[in-house]
1. Mind checking B:72-78 for the average number of partner chain beta-carbons within 10 Å of each residue's beta-carbon?
2. So, by mean Cβ neighbours within 10 angstrom, what's the order for A:78-85, A:42-49 with the highest one leading?
3. With just the Cα atoms defining each centre, how far is segment B:84-114 from segment B:12-56? Give it in Å.
4. Is there a simple number for the mean count of other chain Cβ atoms within 10 Å of the Cβ of residues in A:40-46, and what is it?
5. Using only alpha carbon pairs under 8 Å that are at least six residues apart, calculate the relative contact order of chain A and give it in whole percent.
6. Ranked by Cβ crowding within 10 angstrom, fewest neighbours first, how are B:4, A:10, A:31 ordered?
7. Need one value for B:101-107: mean number of C-beta atoms belonging to other chains within 10 Å of its residues' C-beta atoms.
8. With the contact rule set at Cα under 8 Å and sequence spacing of 6 or more, what percent relative contact order holds for segment A:27-81?
């Protein structure tokens, strides 16, 4: 039931782009993205809802393919501050007060 | 506005000891959550409280109990700690249901069980 994230880790130079993918085996109502820096709490980035609505960070973009039950997070012109672990959280359809199920994370390191 | 606060920040226990992790939020949120985070496992939900007066099990509830003391506070208790419960514990809250709402996380409690 845990969503699968890919890649597991990525190393970038400052200014390069990256895409992080999140895939679920269940039909989804929403996908959430969080970033966690080492030793800190996860911080909200974005929510993507079924139907196309998005809420969140202005400088980060993401997509949600409802049919494929997949989401991708696009990090463009990466900055050193983008380093951290990125988690997607998936919320399934039509199951009452369900809980976010988080993936195992993608580690991103941006070097100068 | 402190957001979500957790105490203690660090704790070392011996096998069989008990302890309570405290969590409080000052954002008038209705829903609160307890997660554990282990290396390579991501965040796994232990228990949640959809609203004041209600609690329910998450993915990994065994060995834990919770109390939603009031709207602000949600505590997690380990009755008889085991080494498998060594982890980082995060409390989180959201204004409403987690389908469309942001979760705000506390700073975490790093627990070691010897």
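1. Mean shielding by partner chains, rounded to a whole number: 0.
2. Details: A:78-85: 15.8, A:42-49: 20.9.
Answer by packing, highest mean first, reads A:42-49, A:78-85.
3. 6 Å
4. Numbers: counts 3, 13, 10, 3, 6, 1, 1.
Mean inter-chain Cβ contacts per residue within 10 Å come to 5.
5. Numbers: 275 pairs, mean separation 42.7, N = 112.
Once normalised by length, the contact order is 38 percent.
6. Details: B:4 22, A:10 18, A:31 29.
Sorted ascending by nearby Cβ count, the order is A:10, B:4, A:31.
7. On the way: counts 5, 9, 6, 4, 7, 1, 3.
Partner Cβ neighbours, averaged per residue: 5.
8. It rounds to 27 percent for segment A:27-81.
Read the figures in this text as sums done on the coordinates, not as results from a lab. Bear in mind the structure is a predicted one, so any value in this text is a computation, not a measurement. Glycine also receives a Cβ, built like all others from the backbone with ideal geometry; neighbour counts cover every protein chain displayed.
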